Amino acid sequence: MSKVFKVGLIGCGHIAETYFRAHKYFKNFKIIKCADVKEKAAKKCAKIYKIKAVSVSNLLKDKQVEIILNLTPPKVHYQIAKKSLLNGKHVYSEKPLAINLKDGKELLKLSKKKKLYLGNAPDTFLGGGNQKSKELLEGKSIGKVNLGNAIFAFPGVQSYHPDPEPWFAKKEGGPVIDMGPYYLTALVNLLGPAKEVKAASLMKGSRFRTIGIGPKKGKRIKVECPTTYFTTIIFKNGSIIRLTLSFDVIAHQRNHIELYGTKGSMIVPDPNMFGGSVYLCKKLGSPWKEFKTNRMPLGKINIRTQSSRANESPTNANYRGVGLAEMAYCIDKKKIHRCNGEVSLHVLDLIQSTMQSAKTNKPIRLSTTCKIPKLFINKEINKIMR
């Protein structure tokens with residue numbers, strides 16, 4: 001039987017409910033205490049989930065707590081992750097790892113020095129959709145991937161997030177930091193590490209956005225960062241992917257990710273979700289062959305109605321928290337986890353390099369690399385699921 005790790009949550013905001021719901025699906029971690037700089041938020045969270053609310057400093061020093069779940073705003077990720085490691089705790093953070101590469105490198109170095117695990121969202125690439133795509137690619141179903149397209153295009157997070165200000169802030173905002181990690185992590189999982197990016201950015205939408213839900217509904221916030229990026233990514237394996245990330249598009253009908261190989265083409269499902277079908281076409285004019293994922297452990301539909309999490313459609317698979325569970329399992333078994341610091345740092349390098357390239361209008365060579373994560377097989381998944 002796997003060890004059950006005691007988890008302390010820091011940051012009792014919008015995403016916290018998703019991780020508490022993960023207790024329904026994963027059996028090797030338990031959130032036992034929570035903290036937030038806003039005492040009221042921590043007490044509310046503790047009351048709802050019947051746990052104890054404590055101060056941030058007390059939680060970091062708590063000897064009961066083995067893993068810190070860091071759900072703070074992006075600009076605080078580095079600070080809390082560093083304090084967690086210095087206090088001898090493994091840490092799993094929401095994305096991104098940090099908001100600049102220097103801080104991310106420091107966290108990885110510190111985790112290795114302390115021999116502690118550093119984990120990071122997104123974990124959606126562990127779901128049925130991306131893993132089925134990976135399985136087919138590794139089986140050479142479409143040959144060598146030469147080219148591809150990927151797109152996230154949406155009016156912006158202000159419609160569904162009660163505290164969207166960070167996503168429009170000068171140094172921590174924009175779609176590359178918000179949605180980029182899902183697409184970039186999915187692509188790294190499928191194609192391996194990248195070596196160069198070239199990007200351009202726009203700020204063509206409204207200079208102000210209006211919050212659509214929550215206590216601040218109707219409040220106008222200023223946009224201080226580019227809201228659309230067009231990026232060309234050259235991977236070490238030779239693949240070239242064109243990625244569009246935008247907060248300025250009302251609607252579109254393009255597939256989330258398409259990969260074009262020497263023997264055919266592949267449609268990869270939404271990297272912000274866990275399920276969805278993969279499609280292959282191996283001959284001009286032939287119909288696309290569907291590979292369903294709804295019978296896979298992390299592809300089964302578990303959302304039947306729209307929850308308060310606006311990124312869940314009425315019928316979908318959402319197993320957020322699997323990255324934390326898989327990390328806990330790997331801590332216990334002394335294995336390398338898939339949502340690891342090297343992958344997260346490389347994705348952060350891609351994020352920062354994209355923004356820098358757009359600003360300077362020059363291609364940027366990445367300074368980091370990582371190993372491509374191994375396929376997440378059912379035998380391992382069953383070790384952590386209820």
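Points worth noting:
- Segment 70-195: C-alpha pair distances exceeding 24 Å, %: 40 percent
- DSSP-defined antiparallel bridges as percent of all bridges, the chain, nearest 5: 60 percent
- With all protein chains in place and a 1.4 Å probe, the accessible surface of the chain carries 54 percent carbon and sulfur.
- For the chain, the solvent-accessible area with a 1.4 angstrom probe is 45 square angstrom per residue.
- Convex hull volume per residue for segment 192-294, taking Cα atoms only, in Å³: 167 Å³
- Residue (of Trp167, Tyr279, Pro181) at the positive-pole extreme of segment 165-299, dipole from beta-carbon charges: Trp167
- Farthest toward positive dipole pole in the chain [+1 Lys/Arg, -1 Asp/Glu at C-beta], among Pro74, Met203, Leu366: Pro74
- In this structure, the pairs whose alpha-carbon distance is over 26 Å, taken from Lys47/Lys333; Lys24/Lys333; Lys61/Lys334, are Lys47/Lys333.
- Comparing Val76, Val91, Val188 in a Gaussian network model of the chain, where Cα atoms under 10 Å apart are tied by springs, the biggest mean-square fluctuation is seen for Val76.
- Two-site FRET efficiency, Asn146 against Thr369, from Cβ-Cβ distance with R₀ of 22 Å, rounded to 0.05: 0.60
- Accessible area, probe 1.4 Å, largest first, for residues Trp288, Trp167: Trp288, Trp167
- Rounded to whole Hz, the Karplus (6.51, -1.76, 1.60) HN-Hα couplings of segment 16-22, x for glycine and proline: 4, 4, 5, 6, 5, 5, 4
- Neighbourhood net charge (15 Å Cβ-Cβ; Lys/Arg +1, Asp/Glu -1) for Thr369: +2
- Averaging the sequence gap over all C-alpha pairs within less than 8 Å and six or more residues apart, then dividing by the number of residues, gives the chain a relative contact order of 20 percent.
- Here the scattering of the chain is modelled by Debye summation over its C-alpha atoms, one equal scatterer each and no solvent; at q = 0.06, 0.08, 0.10, 0.15 Å⁻¹ the log10 of I(q)/I(0) is -0.21, -0.39, -0.62, -1.50.
- Under a model in which nothing but the beta-carbon of Lys, Arg (+1) and Asp, Glu (-1) is charged, the chain shows a dipole of about 880 debye around its Cα centre.
- Surface calculation, 1.4 Å probe, protein heavy atoms: Met203 sits at approximately 70 Å² accessible.
- Backbone N within segment 164-198 under 18 Å of label point (7 Å from Arg220 Cα along the Cβ vector): 164-165, 168-169
- Paramagnetic reach from Lys383 (point 7 Å along Cα→Cβ, amide N under 12 Å) across segment 335-351: 335-338
- Within the straight-line cut-off of under 17 Å between alpha carbons, the aspartates and glutamates reachable from Lys40 are Glu17, Asp163, sequence neighbours fewer than 8 places apart in one chain being disregarded.
- Helical runs (DSSP H, four residues minimum) scored at -39500 (n - 2.57) apiece and divided by the length of the chain put the mean residue ellipticity at 222 nm at -9000 deg cm²/dmol.
- Inter-label distance, His23 to Thr232: 5.1 nm, where each label sits 7 Å from its Cα along the C-beta direction.
The values are calculated or read from the model by the stated rules, or taken from the named source; none is laboratory data. Because the structure is predicted, anything quoted here is derived from the model rather than measured. Neighbour counts are summed over all protein chains in view; Cβ atoms, including those assigned to glycine, are modelled from backbone coordinates with ideal geometry. We work out accessible area using only protein heavy atoms, side chains counted, and drop any ligands, DNA or RNA first. Shrake-Rupley method; radii C 1.70, N 1.55, O 1.52, S 1.80 Å.
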